[in-house]
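The values are calculated or read from the model by the stated rules, or taken from the named source; none is laboratory data. Fair warning: this is a prediction, and the values are worked out from it, not measured in the lab. Positions of Cβ are backbone-derived with ideal geometry, glycine not excepted, and every protein chain shown enters the neighbour counts.
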Amino acid sequence: MRKLAFLSIVAWSICATVSADGAARPFGGKVCLRGEFQNARTVFETTEKGTVAFLGGSITEMNGYRPMVCETLQKRFPRTTFIFVGAGISSTCSTTGAFRFGSDVLAKGPIDLLFVEFAVNDDQDGHHTRAECVRGMEGILRQARRANPCMDIVMTFFVNEGMLKTCQDGRVPLTIEAHTAVAAHYGVPTINLAQEVADEINAGVLTWQQYGGVHPAPFGNAICARMIDELFAREWAVPLAREARAKAKPLPVPLDPFNYGTGRFVALSEAKVKRGWTLGVPDWKSLPGGKRERFTSIPMLCATEAGAELTLPFEGAAVGAYIVAGPDAGIAEASIDGGAFKPVDLLHAYSKGLHYPRTVLFGSELASGKHVLTLRMASETHGAGHAARIMQFVAN
């Protein structure tokens, strides 16, 4: 009993801070406010309408923190009619998020409040470098602020086993460090659930099993929802001023000039097929490997043989494709503006048993302007075939 009491005291000392008014703050700096955070609330209260979007991977797609936060908002604003946009897609990273943000979120109408979650997927799915983490997340925030300069944004950091060990050792996981740098630059609040979980486990008041693992159990998702509600409570405790109006937020100079702030889908119809590519819904029943239902009815630009070739005119500093890569995924060869062909392996570590969604880039850090991509399937392959199945081209 004495040991449990001691551990509870340790947990409280780690997780709690005390504000100037003496009120306990159970999550302390792990709920980190940056900049003004009154715009969404102002819209919700003054118009009694609001649109809230959630962008992320499987943690956002699942029945987890997202519906909990929706319920919290509805309780806080019972007279407000909300539209909730769920834009989580399993396995996708911030790179894919930046390229699909326009069609999956901004196309749904003006967004008042955006939640973004990619720390885990940038780590275990994207295997991103720091630069890739920054380019994807910064691209999302720049697109958001251009679409609605008054948009409030919250960035959440979930956790996997490797990231947990890093947090427990007193270090910051690469993806969280990179995303935090972006959040600080744009004045975006962050919810560091990863560090909260690590601190509670170190204190002996939580286990990884109780939390629920990479895809948290309801108990684990509830911790994140409580942290977000604490952010609301801190910022929205004082009644809204009668003359309150939403205020535009500045768009600072970019951290990375090659961020995906103009990331977008490019229609498959823009490609000119030279040989070997066909447009249609793949015959999934004949293909080995798992399939996710959300992708099985989508027409794709497909190649299955070496030598298949196409060209794509595009404008921007980067070009690539949003694909599903299964066990038969091959190696593409890409040339920009007639330059040397460079190999791009479409196979992912998770492709061996699954047709896996991912974004691959065929060219980046290009001079701004008009370009032409030539894409062909190589004769070499690291997998069991030469397949490419493209859902959308992407450009920035």
So which residues in region 324-364 are out of contact with any Ser or Thr (no Cβ under 7 Å at 6 or more places or on another chain), under 17 Å from Asp283 (Cα atoms) and in a strand (DSSP E or B)?
Val324, Leu354
Residues satisfying the stated conditions in region 26-50, i.e. in a helix (DSSP H, G or I), within 13 Å of Asp112 (Cα to Cα) and either in contact with a strand residue (DSSP E or B) (Cβ under 7 Å, 6 or more places away or on another chain) or of a type in the set (Gly, Ala, Ser) (or both):
Asn39, Ala40, Val43, Phe44
Can you find even one residue in region 310-317 that is closer than 25 Å to Tyr260 by Cβ, surrounded by 18 or more Cβ atoms within 10 Å (Cβ to Cβ) and either acidic (Asp, Glu) or in contact with a helix residue (DSSP H, G or I) (Cβ under 9 Å, 6 or more places away or on another chain) (or both)?
yes
Which listed residue is more than 29 Å from Gly139 (Cβ to Cβ), touching a helix residue (DSSP H, G or I) at 6+ places or on another chain (Cβ under 7 Å), among the small types (Gly, Ala, Ser) and assigned by TED's automatic domain parsing to the domain that holds Val43, from Gly170, Gly212
Gly212
The lone condition Thr304 fails out of (1) under 19 Å from His382 (Cβ atoms); (2) surrounded by fewer than 14 Cβ atoms within 10 Å (Cβ to Cβ) is (2)
Only one of (1) out of contact with any Ser or Thr (no Cβ under 8 Å at 6 or more places or on another chain); (2) surrounded by 22 or more Cβ atoms within 10 Å (Cβ to Cβ); (3) not hydrophobic (A, V, I, L, M, F, W, C) does not apply to Asp169, and that is (2)
Restricting to region 372-384, give me the number of residues that are of a type outside the set (A, V, I, L, M, F, W, C) and surrounded by 20 or more Cβ atoms within 10 Å (Cβ to Cβ).
1
Here are some conditions: (1) surrounded by fewer than 24 Cβ atoms within 10 Å (Cβ to Cβ); (2) touching a Lys or Arg at 6+ places or on another chain (Cβ under 9 Å). Arg146 meets all but one. Which one does it not meet?
(2)
So, Ala217, is that one crowded, with 17+ Cβ neighbours inside 10 Å, free of Cβ contacts under 8 Å to residues at least 60 places away in the same chain and of a type in the set (A, V, I, L, M) or not?
no
